[in-house]
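The values are calculated or read from the model by the stated rules, or taken from the named source; none is laboratory data. The structure presented is a predicted model; accordingly, all values stated were derived computationally and were not measured. Neighbour counts run over all protein chains shown; Cβ positions are idealised from the backbone, glycine included. Accessible surface is based on the protein model in full, side chains and every heavy atom, while ligands, DNA and RNA are left aside. Shrake-Rupley method; radii C 1.70, N 1.55, O 1.52, S 1.80 Å.
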Amino acid sequence: MSKVVRKSLYVVDLEQHVRGEVLSDSLSLGLYATDASLYQITPLAVVLPRDETDVATVLTIARDHGIPVLPRGGGTSLAGQTVGEAIVMDFSKYMNRIIDFDAKNRMVRVEPGLVRDTLNKFLAPHGLIFSPDPATSSRANIGGMVGNNSSGTKSILFGKTVDHVVGMKVMLADGTVMEFKDEDSDTFGKKVTPGDRKSEIYEGLRRIIDNNYDEIAARFPKVMRRVSGYNLDEFRRGQPWNVSKLVCGSEGTLAVILAVDLHLDPLPKKKSVCAAHFGTLLESLKAVQITVGHNPSAVEILDHELLTLARKNLFTRKIMDFVEGEPNNILIIEFYGDTIEDIRKRQTAMIRELRESGFGYAFPVFDEGPVFDNVWALRKKGLGILLGRKTKKKPIAFIEDSAVPVEVLPEYITEVKAICD
């Protein structure tokens, strides 16, 4: 006799009241038990909400049954952020619209399930770009990028996602919907209306900031790509306070994002890349401090392991025509500018300083075109190449986006490499 599987009461409730899709079969739960990380936790159920009403319904049912909710997008996270024993809400299928666009003021409002590259394809004819650029940009959802405060290859020029978020519409665990935007820091949270969730939250946040202001200023790390913890350091006296900055990077622990307002950057008029070849890892790491002094848009590394595996890979070896000789590693140093002449001045000055310092042996330069694209394609395929090694032992991504000051980068990498060895 076939075994009768009884559905949990919360699944029955979800199926009866959610207009979108509710997935509770073992195959679907198995698929959503993983993301791009090494972690695996089976969810209680999966919901693909169609709209805000569905989100409110899910939160109500979760409250009634005393179970957690986990919002997610494309599942490209490397640290297990999108897996958990919860009702997982996947926004990528239905809640993925561009709600409003203001080209003149370089603003766009989008739903959380919109893919980053899809947004930029829409923006390109208008000469604009949402500039945070993670390697998974062809799959990463905007909501996920906001949730983990993504940065990517262009962070030394454009910063992190939090630097581009200017407003947000969210739903709290109790179903309250709030809109966040810049507020006057002098009056923020000082007028409390009993029973009003927004004023109570603002007053509570103000108390946390005021009571710990000096500690936050002194102790939060002063590195550009710090994304751990809540962004309390975004709340500075004399500047606007915006709760959107706190939700950014909170990994779905504070609210469910319904819509987010993003400030956009102009598309660069010209791009060029220098693929600097080095004989040793330490040499290239020491060279990084020189490269960042010439205002590049990105500095990324193709290390020895990646270059070796890429040569053996049927697909990537076809795009390695820019590699000269047998480098231990290559630094990809990209420049943006209004003219190629402006870019070339900075490239020439950088290459001259690297040579004078005894760093590197080849510095081929490629303006926009097929080879330029190949350089970045190899970088973006790096993780896939490493994880696709045809050996019994597989590499595991377990150090996620560590951030250190550039001046101690050689020392840091040398010590980490020694531990791994």
- Kirkwood hydrodynamic radius (Cα pairs, Å) of segment 224-293? 16.7 Å
- Message: Please compute the modelled spin-label separation between SER228 and GLU215, points set 7 Å along Cα→Cβ, answer in nm with one decimal.
- Response: 1.7 nm
- Query: Using a simple spin-label model with points 7 Å from Cα along the Cα→Cβ vector, what separation in nm is obtained for THR53 and ILE41?
  - Reply: 3.2 nm
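Dividing the Cα convex hull volume of segment 14-117 by residue count, how many Å³ per residue is that?
111 Å³
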- Query: Which angle from 0 to 90°, rounded to the nearest 10, does the C-alpha axis of helix 340-356 make with the longest principal axis of the chain?
  - Reply: 70 degrees
- Item | Lys pairs, segment 140-247 - Cα-Cα below 28 angstrom, 8 or more residues apart or on other chains | 24
- Query: What spacing in nm lies between the two simple spin-label points modelled at ASP321 and ASP342, each 7 Å away from Cα in the Cβ direction?
  - Reply: 3.0 nm
- Message: To make sure I understand the rule: partners must be aspartates and glutamates, Cα under 14 Å from the Cα of LYS269, and not fewer than 8 residues away in the same chain. Which ones qualify?
- Response: GLU334, ASP338, GLU341, ASP342, ASP367, GLU368
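Using a 1.4 Å probe, what is the accessible area per residue for segment 272-335, in Å²?
40 Å²
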- Message: To make sure I understand the rule: partners must be lysines, Cα under 16 Å from the Cα of LYS393, and not fewer than 8 residues away in the same chain. Which ones qualify?
- Response: none
- Note: segment 101-211, point scatterers on Cα, Debye, no solvent; log10 I/I(0) at q = 0.13 Å⁻¹ equals -0.63
- About its Cα centre, how strong a charge dipole does the chain have in debye, to the nearest 20, once Lys and Arg get +1 and Asp and Glu get -1 at the Cβ? 960 debye
- What helix-only [θ] at 222 nm does the chain give? Using -39500 (n - 2.57) per DSSP H run of at least 4, over all residues, to the nearest 500, the answer is -10000 deg cm²/dmol
- Hey, with R₀ at 45 Å, roughly what FRET efficiency would GLN16 and ASP100 work out to, going by the Cβ-Cβ distance, to 0.05? 0.85
- Query: In terms of the ratio Rg/(2.2 N^0.38 Å) built on C-alpha atoms, what value belongs to the chain?
  - Reply: 1.08
- Task: Have a look at THR316, PRO268, ALA298 and report the one farthest towards the positive end of the charge dipole of segment 267-329, computed about the Cα centre with Cβ charges (Lys/Arg +1, Asp/Glu -1).
- Result: PRO268
- Project the alpha carbons of segment 324-392 onto their principal axes and report the range along each, largest first, in whole Å. 48, 29, 16
- One can check that the equivalent ellipsoid of segment 360-421, built from the alpha-carbon gyration tensor with semi-axes equal to the square roots of five times its eigenvalues, has lengths in Å, largest first, of 26, 21, 11
- Task: Rank by packing, highest mean first: peptides 282-294, 360-372, with packing defined as the count of other Cβ atoms within 10 Å averaged across residues.
- Result: 282-294, 360-372
- Query: Hey, can you rank 60-69, 181-190, 215-224 by average C-beta count inside 10 Å, highest first?
  - Reply: 60-69, 181-190, 215-224
- Note on the structure: With R₀ set to 30 angstrom, the calculated FRET efficiency between the beta-carbons of GLN289 and LEU383, to the nearest 0.05, is 0.70
- Query: From the backbone phi of segment 211-223, what are the Karplus-calculated ³J(HN,Hα) couplings (6.51 cos²θ - 1.76 cosθ + 1.60, θ = phi - 60°) in whole Hz, Gly and Pro given as x?
  - Reply: 6, 10, 4, 5, 5, 4, 5, 7, 9, 5, x, 9, 10
- Taking protein heavy atoms only, a 1.4 Å probe, and rounding to whole percent, the accessible area of segment 328-388 owed to carbon and sulfur comes out at 54 percent
